[in-house]
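This report concerns only the one structure given below.
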Amino acid sequence: MSQKILAIDIGGTTIKSGLWEKEVLTELVSIPTPKTWDGMKAYLKGLVEEHQITDGVAISAPGAVHTEEGVIYGVSAVPYLHRFPIKQELAEFLNVPVSFQNDANCAALAEIWQGNAKGLESAALIIIGTGIGGGIAINGKLRAGTNLFGGEFGYQIMDLETLETLSDLGSPVAMSNRFSKQKADGKSYTSKEIFDLAEAGDELAQEAIDKFYHALSIGIYNILVSLDPDRVLIGGGISTREELLLTIEERVQQLLQMKGAKELKASILQCKFLSQANLIGAVYQFITEYA
């Protein structure tokens, strides 16, 4: 019998939803993320009732999600999600089974299940967004780690002086904020606008993008020499830029050559699932929990 599952992706800015039915995901509307937990519960209740969900709700969420305890540790842009039995409370409120998994882990699960990590012995996934998330897959399963920090590649320290991390230097959002301050013309620039300026010859924009690529390349180099995975997958909205993958591949190969690791063959690909990755991975988490 086909399941009808409501899939939810909670982000710092928006909450996305989708219906999983007959092995197909149909995306629903996105709304700004509710400001309170009560507001979030009310919104989810409305979706469950509107779409007559009886099988369950699969949620992708920020933070260190402990799937067995049903608690979200760590910190995130949605502070009201943390450090209480959120899974139990929501399941009782909605009167349907509920699953939670970290958003970057959901992206990894989507790739393991039906994407570009399927069938591989090992893969590392780096998800580029507001910060840098990721996941490690070993023999088709997530390696969450003893403290749920497996794949949290954004915490890598990239600068010995400033102690800036990969999330600080390799995030397009952080790049945009830094560039807007440096440009100091009263405008807030998006990463797309910075790329456009760089192509038009703006030296400050070119410098910002060079620093961005440099950080990502070092981060991926560190992943390769630490884990030696079959494949590194890059996801997040910016991964759709045509030159991103080519530039990073070229720079990573240069680093491997320079540092004497030229025998390490780096397979770097884009994730198969882009905007739907978190929703699809959340569904897979749900199915594995309630199969």
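The values are calculated or read from the model by the stated rules, or taken from the named source; none is laboratory data. Keep in mind the model is a prediction, meaning the values are calculated, not measured. Quick reminder, even Gly has a Cβ in these numbers, built from the backbone with ideal geometry, and neighbours come from all protein chains shown. Only protein heavy atoms, including side chains, enter the accessible area calculation; ligands, DNA and RNA are left aside. Shrake-Rupley method; radii C 1.70, N 1.55, O 1.52, S 1.80 Å.
Which residues in segment 208-222 place their backbone N less than 20 Å from a point set 7 Å from the Cα of Lys259 along the Cα-to-Cβ direction?
Only 210-222 pass the distance filter.
What's the FRET efficiency of Thr288 with Leu245 using the Cβ-Cβ distance as r and R₀ = 35 Å, to the nearest 0.05?
FRET efficiency, Thr288 to Leu245: 0.70.
Please compute the modelled spin-label separation between Lys211 and Tyr73, points set 7 Å along Cα→Cβ, answer in nm with one decimal.
Those two pseudo-labels are separated by 3.3 nm.
To one decimal place, what Kirkwood hydrodynamic radius in Å is obtained for segment 11-123 from all pairs of distinct Cα atoms?
Kirkwood radius, segment 11-123: 15.0 Å.
For Phe153, what accessible area in Å² do you get when you roll a 1.4 Å probe over the heavy atoms of the protein chains, rounding to the nearest 10?
Rounded to the nearest 10, the figure is 20 Å².
State the three equivalent ellipsoid semi-axes of segment 166-208, derived from the C-alpha gyration tensor as the square roots of 5 times its eigenvalues, in descending order and whole Å.
Computed over segment 166-208, the values are 15, 12, 9 Å.
Kindly report, to the nearest 10 Å², the accessible surface of Asp38 as traced by a 1.4 Å probe over protein heavy atoms only.
Probe radius 1.4 Å; accessible area of Asp38 about 110 Å².
How would segment 156-291 be classified by its alpha-carbon gyration tensor: rounded, prolate or oblate, with rounded meaning a/c under 1.5 and the a/b versus b/c comparison settling the rest?
oblate
Give me the 1.4 Å probe accessible area per residue for the chain, excluding ligands and nucleic acids, in Å².
Computed with neighbouring chains in place, this is 49 Å² per residue.
Ignoring ligands and nucleic acids, what accessible area does Thr240 show with a 1.4 Å probe (Å², nearest 10)?
Its accessible surface works out to 80 Å², give or take rounding.
Relative contact order, percent, of the chain when contacts are C-alpha pairs under 8 Å separated by at least 6 residues?
19
May I ask you to give the percent of accessible area on segment 1-63 that is carbon plus sulfur, with a probe radius of 1.4 Å?
54
At 0.36 nm per residue, minus the direct Cα-Cα distance, what do Arg83 and Asn147 gain on full extension? Give it in nm, one decimal, please.
21.6 nm
For segment 1-106, how many pairs of lysine residues have a Cα-Cα distance under 21 Å, where the two are 8 or more positions apart or belong to different chains?
13
Which length gain, in nm to one decimal place, applies between Glu121 and Ser226 when the Cα-Cα distance is subtracted from 0.36 nm times their residue separation?
36.2 nm
Can you name the helices of the chain, as whole DSSP H runs, whose Cα span along the helix axis is 27 Å or more and whose Kyte-Doolittle mean is not below 1.0?
Span-like helices in the chain: none at all.
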